[in-house]
Amino acid sequence: MSVAVPTRARSSAALVLAGVLWGTGGLAGSLLASRAGLHPLSVAAYRLLIGGVIATGYLWLTGGLRGLPRTPRVRRRLFAVGGLFALFQTSYFAAVSLSSVSVATMTTIGSAPVLLTVATVVRTRKPPGAWTAVSLAGSLAGLVLLQWTPGEKVNAAGVFFALLAAAGFAALTLVTATRVEGLDPLPTTAFGCLIGGAALTPAALWFGMGVPPQADVLALVLYFGVVPTALAYAAYFRGLEGAHPVLAALSALLEPLTATLLSMAVLGERLGAAGWCGAAVLIAALAVAYSKP
């Protein structure tokens, strides 16, 4: 006997999967940059290009390209997704280079749900619900405790680019929340990544995209493009079909949490008392977001 899974539960599961897979990308990208000597912008270009090529190849092998509509609306959606991919990745890595990974990640991921909430309030002319406000506040507090380093200098330009990245991610969420007839999440991911990667390639070539022909480096390139990019964004866009955009953005908070835990397990980094409190608050806030009606 089969049991029907509610749409909300499937969407929540897809969003959780996306957040966790994104979290593995932080470690993979860091290892790729250090072992191949790549500029962060080149790492971002590889991420989008490899993810787009793999996803498109899968669609071609399975016949998923045959029924893809070629309407002006589909083209506009794909170019919008590709442009926002490029904006988000470029702005984020600019923020990292100007400030630090912790400040850039905290500002970007923490600001996106707030920007989406503001956009939703402006569009609907209704204030956010009490549970949404509680979840947002808890998420921001947990993220600060998890990543903030006391005494760390904040660069104003770095914060600006992090906010720009957050705006790009929020816009990507709003744009893809409305489904285009005949355009499924995987083709959206595939062609969006290809377009975004193509937009970043000229600058990436300027900084250098050569990688040593070593098995571990090539495996990192492949993993980086497939798991935290093609699979993660396909899951995210799938989850958006049955979830509120603010909840979807909150799911991205699983990225820094997963990355922190992986860094502890793989790199031997330690998490202090404040960090563990932040992780607990973040999980509780996400639980509120997923369980609220």
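The values are calculated or read from the model by the stated rules, or taken from the named source; none is laboratory data. Please read these numbers as outputs of a predicted model, since none were measured by experiment. Here the Cβ positions follow ideal geometry from the backbone for every residue, glycine too, while neighbour counts run over all protein chains shown.
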Since Arg35 meets every condition but one in (1) modelled with pLDDT of 80 or more; (2) farther than 25 Å from Phe79 by Cα; (3) out of contact with any Asp or Glu (no Cβ under 8 Å at 6 or more places or on another chain), which condition does it not meet?
(3)
Look through Ala215, Ala199, Ala232 and report the one residue that is modelled with pLDDT of 85 or more and in contact with a Leu (Cβ under 6 Å, 6 or more places away or on another chain).
Ala232
Within segment 69-100, which residues are surrounded by fewer than 18 Cβ atoms within 10 Å (Cβ to Cβ) and at pLDDT below 85?
Ser97, Leu98
Would you be able to say whether some residue in segment 197-219 is crowded, with 19+ Cβ neighbours inside 10 Å, in contact (Cβ under 8 Å) with a residue 12 or more places away in the chain, of a type outside the set (D, E, K, R) and in contact with an Asp or Glu (Cβ under 9 Å, 6 or more places away or on another chain)?
no
Inspect segment 38-45 for any residue being in contact (Cβ under 8 Å) with a residue 24 or more places away in the chain and not in a helix (DSSP H, G or I) and give the result as yes or no.
yes
